[in-house]
Amino acid sequence: MKKYIILIIYHCVFLEIIKAQQLQGKAIAPLSGKRNIEKMTTIDSCDMRFSYALNAEDITNIDSYVDLQRLEIGQYFSKYYSFFIFNNDSLVWVWKSKKQAAQSIPSWLGPLGKGKYYWSEYKYSEFFKDYQNNTITEYARMPYGIMNNRLYSEKTPEQNWTIHNDTSTIIGHLCQKATCHFRGRNYTAWFALDIPICNGPWKFGGLPGIILKVYDDKQLYTFECVKIESGIFPIKKYNFTSYNPIEREKLLKLQRKLNEDYYRTIGARRRDGGKLPDPVPYEPIELE
């Protein structure tokens with residue numbers, strides 16, 4: 001792997017930061033570059049879209065979220081992505097268009113939640129479900145130091161849900177409980193009885209109502225709907241032709257290495273010859 005020299009001027013600060021796990025919103029790898037939102041193509045439209053808090057400490061405080069994510073469900077496709085990252089890219093490009101003579105552009109504008117300085121695959125991947133081909137594709141935007149972004153497609157995974165009689169109300173919608181085991185973790189989901197849409201956050205779906213909340217039994221990952229919008233919304237897609245195909249399992253291994261030991265994974269070395277930060281613990285959402 002090509003070597004990259006990283007000058008860590010404030011390495012004492014970095015050493016403190018990397019002690020926190022990515023799941024607490026403090027991944028190690030630096031942010032990816034900004035994308036031009038003007039270079040997007042409309043591939044579908046939707047009349048409802050759903051916003052989910054990922055790992056919120058306080059569901060009423062957006063700054064306590066690891067991420068704010070959005071699900072758009074069209075006739076042919078659905079799209080799941082980070083609204084924080086999309087909004088940040090949008091604001092940066094608007095800023096850039098107004099200040100074209102500027103020598104540099106801001107790293108971020110607008111809210112980015114916990115760990116805003118760092119890359120996380122849960123913020124920097126976009127998922128498209130293709131109903132006609134029954135596939136889901138992840139477009140994985142990698143951090144600095146990894147030259148090529150990645151993508152893979154797989155058959156849309158199914159969760160073998162068991163539906164229970166328990167009910168709960170989430171953002172004003174009566175929901176019913178369902179449980180399943182999926183790729184190494186046990187999940188509990190709450191789906192809305194009055195919104196008969198067979199979809200949900202991330203890769204979840206397959207219930208007779210939209211999933212408004214889902215979490216694993218260790219509550220390492222919690223997706224909770226905080227907003228439902230009605231209207232006519234375009235579903236847009238970047239040009240991902242530069243992304244390199246990869247097998248899902250290989251991408252999972254790469255993402256794990258980046259989270260556990262970013263600097264060694266990209267072949268970095270300290271300019272002063274000092275020791276790189278120690279690896280940190282990491283709990284991926286998919287264990288198999």
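The values are calculated or read from the model by the stated rules, or taken from the named source; none is laboratory data. Predicted, not measured: the structure shown is a model, and the values here were computed from it. So basically every Cβ, Gly included, is an ideal-geometry build from the backbone, and we count neighbours across all protein chains shown. Side chains are part of the model used for accessible areas, which takes the heavy atoms of the whole protein and leaves out ligands, DNA and RNA. Shrake-Rupley method; radii C 1.70, N 1.55, O 1.52, S 1.80 Å.
Points worth noting:
- For the stretch 168-177, putting each phi into the Karplus relation 6.51 cos²θ - 1.76 cosθ + 1.60 with θ = phi - 60° gives couplings of 7, 9, 10, 6, x, 10, 5, 10, 10, 8 Hz, in residue order, rounded to whole numbers and with x for Gly and Pro.
- Pairwise label distance in nanometres, L220 with E249, each label 7 Å out on the Cα-Cβ vector: 1.9
- Separation of the alpha carbons by more than 25 angstrom is noted, of K155/K227; K203/K250; K39/K250; K114/K218; K79/K250; K116/K253, for K155/K227; K39/K250.
- Inter-label distance for N148 and R264, nm, one decimal - labels placed 7 Å from Cα along Cα-to-Cβ: 2.5
- Remark: relative contact order (the stretch 88-233) = 12 percent; criterion is Cα-Cα distance under 8 angstrom and separation of 6 or more residues.
- Rounded to the nearest whole Hz, the Karplus-based 3J(HN,Hα) values (6.51 cos²θ - 1.76 cosθ + 1.60, θ = phi - 60°) of the stretch 131-146 follow the sequence 5, 5, 9, 6, 10, 10, 10, 9, 9, 9, 8, 8, x, 4, x, 10, with x at glycine and proline.
- Added length on full extension, which subtracts the Cα-Cα distance from 0.36 nm per residue, L287 to H181: 37.0 nm
- Residues listed by number, the stretch 223-264, amide nitrogen under 11 Å from I59 label point at 7 Å toward C-beta: 223-227
- Three-way shape label, the stretch 199-276, alpha-carbon gyration tensor, a/c 1.5: prolate
- Surface composition of the stretch 137-259: carbon and sulfur make up 47 percent of the accessible area, probe 1.4 Å.
- With θ taken as phi - 60° and the Karplus curve 6.51 cos²θ - 1.76 cosθ + 1.60 applied, the whole-hertz 3J(HN,Hα) list for the stretch 267-284 is x, 7, 8, 5, 5, 8, x, x, 7, 6, x, 5, x, 10, x, 8, 10, x Hz, x standing for glycine and proline.
- Placing a pseudo-label 7 Å from each Cα along the Cα-to-Cβ vector at L193 and D47 gives an inter-label distance of 2.4 nm.
- Computed over the stretch 202-288: relative contact order in percent, which uses C-alpha pairs under 8 Å that are six or more apart: 19
- Surface analysis of the stretch 240-288 yields an accessible area of 56 Å² per residue, using protein heavy atoms and a 1.4 Å probe.
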